[in-house]
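Everything on this sheet refers to the single structure shown next.
The values are calculated or read from the model by the stated rules, or taken from the named source; none is laboratory data. Remember, it's a predicted structure, so these values are computed and weren't measured experimentally. With ideal geometry, Cβ positions are generated from the backbone for all residues, glycine too; neighbour counts draw on all protein chains shown. Heads up: the accessible areas ignore ligands, DNA and RNA and are worked out on the full protein's heavy atoms, side chains in. Shrake-Rupley method; radii C 1.70, N 1.55, O 1.52, S 1.80 Å.
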Amino acid sequence: MIIAPSVLTADLADLGNACREAVDAGINWMHLDIMDGNFVPNLTFGPPVIAKLREALGDGPIFDAHLMIENAEESFQQYIDAGCNHISVHVEAVTHLHRCVAAIREGGATAGVTINPGTPIDAVLEVLTEIDLVLVMSVNPGYGGQSFIPTVEGKVRRLKEAIDAQVAAGGRPVQIQIDGGVKAHNIAMLREWGASNCVVGSGLFNDSASVADNLAIIHSALE
Ligand code: DX5
Ligand code: ZN
């Protein structure tokens with residue numbers, strides 16, 4: 001199981017050190033929540049900050065950009081050029097999804113499609129052969145620290161079945177990433193549903209313990 005810290009709930013006034021604390025704790029996949037104040041009410045950071053984080057952390061960690069923005073089709077290359085290895089776009093915000101994920105790959109990143117809690121997986125199934133990851137939102141996007149929405153279980157299981165069928169037919173595997181309200185108490189359940197990558201924000205960055213201690217609690221929940 002890949003644990004992907006969402007830096008949204010970290011100390012944004014000291015973002016470089018927060019990310020370094022996660023990398024020093026053994027994290028190799030950083031989940032960067034990019035919000036434009038239009039697709040979601042919140043507004044976070046963009047390519048200039050990402051470029052500085054890449055400078056600070058070196059080439060090691062994977063930077064996964066979760067684009068919660070209206071113009072992802074036009075702007076994703078800036079995030080790749082700033083140092084992102086993976087780009088996930090929201091199916092709800094992209095007009096030409098098949099063309100967009102192909103362009104992300106051509107642009108030098110792996111491609112992901114994100115679906116909100118209320119969005120069925122059908123739209124993703126049509127591009128399942130063209131992507132590397134599906135990001136299933138288990139909260140409504142915009143903020144960290146929200147409660148997990150358990151009704152996403154059915155679509156995660158259906159998605160896993162579709163991916164397993166694709167692989168059995170000789171197709172490529174696709175990661176299922178679950179994002180929102182993931183904690184030590186539910187992460188093993190999400191693995192059983194079929195997730196191999198979980199975003200954890202407030203479960204890692206909080207006032208009750210260090211990232212390393214919180215990560216150890218999560219890892220023990222997966223043993
Ligand atoms: C919400 C973001 C999530 C969120 C996760 O829009 O996409 O990545 O920050 O934070 P927690 O784990 O606290 O729900
Ligand atoms: Zn996210």
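Residues with beta-carbon under 14 Å from that of Val182, excluding Val182: net charge, scoring Lys, Arg +1 and Asp, Glu -1?
Net charge around Val182: -2.
Normalized C-alpha radius of gyration of region 1-49, against 2.2 N^0.38 Å?
Compactness ratio reported: 1.21.
Can you figure out the FRET efficiency of Ala13 with Arg191, using R₀ = 30 Å and their beta-carbon distance, to the nearest 0.05?
Calculated value: 0.35.
At 7 Å along the Cα-to-beta-carbon direction for both Leu43 and Glu92, put a label point, then send me their distance in nm to one decimal.
Roughly 2.0 nm, to one decimal.
From the alpha carbon gyration tensor of region 109-197, can you work out the equivalent ellipsoid semi-axes (sqrt of 5 times each eigenvalue) and give them in Å, largest to smallest?
For region 109-197, the ellipsoid semi-axes come out as 22, 14, 11 Å.
Evaluated at 37 °C with a viscosity of 0.692 mPa s, what Stokes-Einstein diffusion coefficient in µm²/s does the chain have when Rh comes from the Kirkwood expression over alpha-carbon pairs?
Using the Kirkwood radius from Cα pairs, D works out to 190 µm²/s.
Where the centre of each part is set by its Cα atoms, how far does region 144-187 sit from region 95-111, in angstrom?
Each part reduced to its Cα centre gives a spacing of 21 Å.
Summarise the accessible area of the chain (1.4 Å probe, protein heavy atoms) by the percent that is carbon and sulfur.
Summing carbon and sulfur atoms, their accessible area is 51 percent of the total for the chain.
Taking amide H positions as placed 1.01 Å from N in the peptide plane, with prolines and chain starts having none, which residues 5 or more places from Val200, or on another chain, fall under 5 Å of its amide H?
Placed amide hydrogens put Ala4, Ser6 under 5 Å from Val200.
Of all DSSP beta bridges in the chain, what percent run antiparallel (nearest 5)?
Looking only at bridges with both residues in the chain, the antiparallel portion is about 5 percent.
About its Cα centre, how strong a charge dipole does the chain have in debye, to the nearest 20, once Lys and Arg get +1 and Asp and Glu get -1 at the Cβ?
It comes to approximately 380 debye.
In nm, give the distance between the simple-model label positions of Arg105 and Glu223, each being 7 Å from the Cα along the Cα-to-Cβ direction.
Each label point is offset 7 Å from its Cα along the Cβ direction, giving 4.0 nm.
Would you calculate the separation in nanometres between label points at Asn206 and Glu74, each defined as 7 Å from the Cα along the Cα-to-beta-carbon direction?
4.0 nm
How would Tyr79, Tyr143 rank on accessible area, largest to smallest, probe 1.4 Å?
Output order, biggest surface exposure first: Tyr143, Tyr79.
What is the extension gain from Gln166 to Asp59, computed as 0.36 nm multiplied by their sequence separation minus the C-alpha to C-alpha distance, in nm to one decimal?
Here the segment from Gln166 to Asp59 would lengthen by 35.3 nm.
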